[in-house]
Amino acid sequence: MTDYDVFNGDADGLCALLQLRSAEPRDATLVTGVKRDIKLLERVPAQQGDRVTVLDVSMDKNRTALLEVLAAGARVFYADHHFAGDIPRRHNLLALINTQPEMCTSMLVNDHLKGAFAGWAVVGAFGDNLLNSAAALAKPMHLSAAAMEQLKNLGTYINYNGYGSNLEDLHFEPAVLYQRMRPYPDPFAFIQEGRADYEKLQQGYLEDMSAARSLQPQRANASSAVFILPDAAWARRVSGVYSNDLANASPARGHAVLTIKANGNYLVSVRAPLENRTGADEFCMQFPSGGGRKAAAGINDLPAAMLDQFIDRFSTWYA
């Protein structure tokens, strides 16, 4: 029997897995990648009796591979908050799916574990820019404002680390970062005892965000704004958290951050207005390689020829 842990390389995926493996340690084969690398289940050569855990990647995008894994006789635990489509009914599948805009995978796992490792769920929610949800989760913990800020920063930094066009763009490969964090069932312990790793994430984030904040929008109006980042490693790393930063600064406006790729196309991050956390997935799914969730979505490879069409549509999407 082989165990596989399949997870998104962002804060939500890592924090969901940290909770599960703090509750039930396993020596599992890790399957992950950069945040946009979501067709992960096809890398799992599952056989009869294997156990497969899948966290924070769309079931819809992994449907064919999921059906193959189930047919092979593996047991699958699947938790996610992205668009799922029809969920297969199989005796060997336990699916925790909730696509509500204020929900994330770390929160689903937290509910599943009855709050046993809620600190990591708070970090995951902050990483997904679910500020109100994170605050509600943390309320029973009676944290000081300074402690809450620490968890918020940690979630932001972990999430930031997951963005890039390839693993070489990242400060830590997600599997490596998970292994660095795994010994700590409490995020405050990681911040203190894993200080060197924490500070590496923090320094990279602050430097990259400083560069991003000097940019001017390509187009902006009262309901939306579009920013274009250059083809550079720092821009690929910062694209997602910069989108969150823009959303928090202007909660009535939708935001799109496009990063130029080596092939001339665009990597896209879309954030719905915080005052209307819906429609981001529907918008992105109009374009090739688009998908995500209601409040935050993206496009992996927007053709350059579709740039003007994208900007025109987005400028009226939230009007």
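The values are calculated or read from the model by the stated rules, or taken from the named source; none is laboratory data. All values reported here derive from a predicted model rather than from experimental measurement. All Cβ positions, glycine included, derive from the backbone under ideal geometry; neighbour counts span all protein chains shown. Surface areas here come from the heavy atoms of the whole protein model, side chains and all, with no ligands, DNA or RNA. Shrake-Rupley method; radii C 1.70, N 1.55, O 1.52, S 1.80 Å.
A few remarks follow.
- Pairs linking a residue in the range 83-98 that is at positive phi and assigned to a loop (DSSP other than H, G, I, E, B) to a residue that is polar (S, T, N, Q) and open to solvent by less than 90 Å² (accessible area, probe 1.4 Å), with Cβ atoms under 9 Å and 6 or more positions apart or on different chains, are Gly85/Ser58.
- The residues in the range 99-116 that are in contact (Cβ under 8 Å) with a residue 60 or more places away in the chain and either of a type in the set (Lys, Arg) or buried (at least 24 other Cβ atoms within 10 Å of the Cβ) (or both) can be counted, and the count is 5.
- When the range 273-292 is filtered for residues that are farther than 12 Å from Phe310 by Cβ, out of contact with any Pro (no Cβ under 6 Å at 6 or more places or on another chain), open to solvent by 60 Å² or more (accessible area, probe 1.4 Å) and not in a helix (DSSP H, G or I), the ones remaining, listed by number, are Asn276, Met285.
- Single match in Gly155, Gly164 (criterion: in contact with a helix residue (DSSP H, G or I) (Cβ under 7 Å, 6 or more places away or on another chain), at positive phi and crowded, with 17+ Cβ neighbours inside 10 Å): Gly164
- Flag if Lys35 is in a loop (DSSP other than H, G, I, E, B), buried (at least 24 other Cβ atoms within 10 Å of the Cβ) and either in contact (Cβ under 8 Å) with a residue 24 or more places away in the chain or basic (Lys, Arg) (or both): yes
- Any hit, the range 189-212, residues being open to solvent by 60 Å² or more (accessible area, probe 1.4 Å) and in a loop (DSSP other than H, G, I, E, B): no
- Count of the range 167-188 residues which are open to solvent by 60 Å² or more (accessible area, probe 1.4 Å) and either among the acidic types (Asp, Glu) or not in a helix (DSSP H, G or I) (or both): 6
- Residue list for the range 59-70, filter: within 21 Å of the chain's Cα centre (by Cα) and either part of a helix (DSSP H, G or I) or buried (at least 23 other Cβ atoms within 10 Å of the Cβ) (or both): Asp60, Lys61, Asn62, Arg63, Ala65, Leu66
- Filter result for Leu143 (surrounded by 18 or more Cβ atoms within 10 Å (Cβ to Cβ) and not aromatic (Phe, Trp, Tyr)): no
- Count of residues meeting criterion [closer than 23 Å to Gly85 by Cβ and assigned to a loop (DSSP other than H, G, I, E, B)] in the range 293-319: 3
- The range 1-17: number of residues that are within 12 Å of Asp80 (Cβ to Cβ) and touching a residue at least 60 places away in the same chain (Cβ under 8 Å): 5
- Criterion applied to Gly73, Gly85 was being surrounded by fewer than 15 Cβ atoms within 10 Å (Cβ to Cβ), of a type outside the set (A, V, I, L, M) and touching a Gly at 6+ places or on another chain (Cβ under 8 Å), and the one residue passing it is Gly73.
Yes/no per residue for (1) in contact (Cβ under 8 Å) with a residue 40 or more places away in the chain; (2) touching a Phe, Trp or Tyr at 6+ places or on another chain (Cβ under 9 Å); (3) of a type in the set (A, V, I, L, M, F, W, C):
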position: Gly127; (1), (2), (3): yes, yes, no
position: Ala146; (1), (2), (3): no, no, yes
position: Lys152; (1), (2), (3): no, yes, no
position: Asn159; (1), (2), (3): yes, yes, no
position: Ala211; (1), (2), (3): no, yes, yes
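- Taken over the range 239-266, the criterion of being of a type in the set (A, V, I, L, M), open to solvent by less than 40 Å² (accessible area, probe 1.4 Å), modelled with pLDDT of 90 or more and touching a Phe, Trp or Tyr at 6+ places or on another chain (Cβ under 9 Å) is satisfied by Leu246, Ala256, Val257, Leu258.
- The sole residue among Val52, Val57 that is farther than 16 Å from Ala296 by Cα and among the β-branched types (Val, Ile, Thr) is Val52.
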